[in-house]
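Read through the structure below, which is laid out as structure tokens, and then see the notes.
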Amino acid sequence: MARREPERHDSRGTYLLAMVCFVVTANAATQGYDSSMMNGLQILPAYTDYFELTTTTLALNVAIVFAGSVIAMPFAGPIADVWGRKWGIAITAIISIIGATIQGAAVHEAMFCIGRLLVGVAITTGSTAAPAYISEVAHPRNRVMLTGLYGTSWYIGSLIAAGVTYGSQFMTTTWSHEEALAILTKYHGQGDPNSTVVAIEYAEICQTLEHEKAVQNTDWKALVRTRPNRWRLGVTAAVAFSGNNIITYYLGDVLTAAGITGMQTQLAINIGLSVFNLFTSTLGAWLTDRVGRRRGFLFVTITMSLLLIIVAVLTKVYGTSPNLGSSAAQVTMIFLFYGAYSFVWTPLSILYPVEVLSYSMRANGLAFFNGLCYGTAFLNTFAIPYAMKWSSWGFYLITAFWNLIFECGVIYFYFPATEGKSLEEIDIIFEGLRHTDLDVTMADVLEGKAVDLEIAKGELADKS
């Protein structure tokens with residue numbers, strides 16, 4: 001008999017699960033706070049004068065956090081796999097507290113860098129365990145949005161740090177089937193043991209894990225053992241190479257190049273940018289499935305490149321004699337550039353790697369992603385001050401054409417579309433086959449279609 005999954009608006013389980021995911025997303029606020037804090041500190045004379053910073057030490061203070069992130073890559077995945085996602089998140093919090101305490105109490109350059117190094121370690125351990133936890137426990141209806149919101153919370157930390165620095169200017173595996181089914185029933189089925197969503201989800205998880213147990217393992221070699229795994233890892237690496245570090249960590253230099261040199265004005269723009277990015281990234285997380293993955297990446301990357309070309313032209317023409325109109329135009333382009341990035345790249349830079357990595361390679365794959373991402377960021381943030389000193393407009397142009405020629409080409413030919421699919425169903429894209437014997441998909445149920453199913457003892461059987 002055909003059965004539709006009933007709408008359930010009530011639910012203590014839903015609210016509790018949402019609160020749990022909200023706490024987990026706070027992990028991403030660590031890096032957002034760090035980024036905005038460093039932007040604000042570099043604008044404040046009290047910071048640069050106290051440490052007597054040169055171009056090299058300024059770059060080191062920013063980039064050292066990414067060195068810590070790379071150092072954590074080998075053990076971030078095993079922590080999440082062996083001790084579990086929850087312990088990975090808890091360890092992240094402990095390391096963050098220690099690193100932030102050392103950094104805040106720093107009395108010399110070395111102490112400041114050690115604190116930031118530990119914060120970098122925490123960023124990778126958190127970025128490995130937290131997104132995996134959210135994507136694996138969230139209800140299928142909310143998985144995409146909640147995982148996307150993990151990236152959005154970056155701007156919550158950024159906004160807090162922007163406000164703090166503005167005020168500072170006035171200062172001197174063991175896996176249990178029974179437990180898993182109970183959790184799915186409580187949080188995804190609202191306590192209904194006959195929930196169609198729970199039945200399909202449980203069957204997909206069990207059968208996919210059985211397949212992966214037979215053909216895969218969770219060591220580092222598994223990441224490149226098969227062609228589908230290499231494809232998954234290649235997509236993950238391509239996402240890691242993308243970023244917006246020009247503005248993220250050197251907003252003060254960008255604004256100075258645009259002719260905006262007032263400290264108070266720069267700090268105010270930093271706050272405004274954080275608020276704007278929080279809004280656009282939240283909207284992007286909400287609309288992720290409608291925008292699409294590959295389509296969204298392509299459109300926004302082209303848009304960002306064109307905006308950066310406009311900034312380069314304005315900087316070249318008005319760099320030596322800026323006026324109010326040229327400065328306002330460049331600030332507008334900066335807001336649009338960052339807004340475009342936040343709308344698609346912020347939610348998808350976390351969601352997409354989680355989706356394309358299979359369960360057995362997810363923890364180590366995310367650790368690899370974060371190590372590569374922050375290793376690239378280390379090189380970028382260390383080199384950007386020198387590049388800006390050489391030619392700010394020239395650097396903008398190089399970055400823009402890199403995005404247009406290389407990144408857009410990789411996205412177009414290499415990135416698959418994964419919207420509208422469960423994590424288990426995405427296996428079909430990479431491996432050409434489905435690891436479950438179900439005739440229905442999670443999308444059918446979530447769209448309200450009637451499905452012909454029998455549910456017995458928590459297992460799913462198709463009716464003939």
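Odds and ends about this structure:
- Most to least packed among 227-233, 349-355 [average Cβ atoms within 10 Å]: 349-355, 227-233
- Karplus-based coupling profile of segment 370-378, in residue order and whole Hz: 5, x, 5, 4, 7, x, 4, 5, 4, with θ = phi - 60° in 6.51 cos²θ - 1.76 cosθ + 1.60 and x standing for Gly or Pro.
- Extension gain from Thr57 to Trp83, taking 0.36 nm per residue of separation minus the Cα-Cα distance: 5.6 nm
Rule-based calculations on the coordinates, nothing more; no lab input. Because the structure is predicted, anything quoted here is derived from the model rather than measured. FYI the Cβ positions are ideal-geometry reconstructions off the backbone, even for glycines, and counts take in every protein chain you see.
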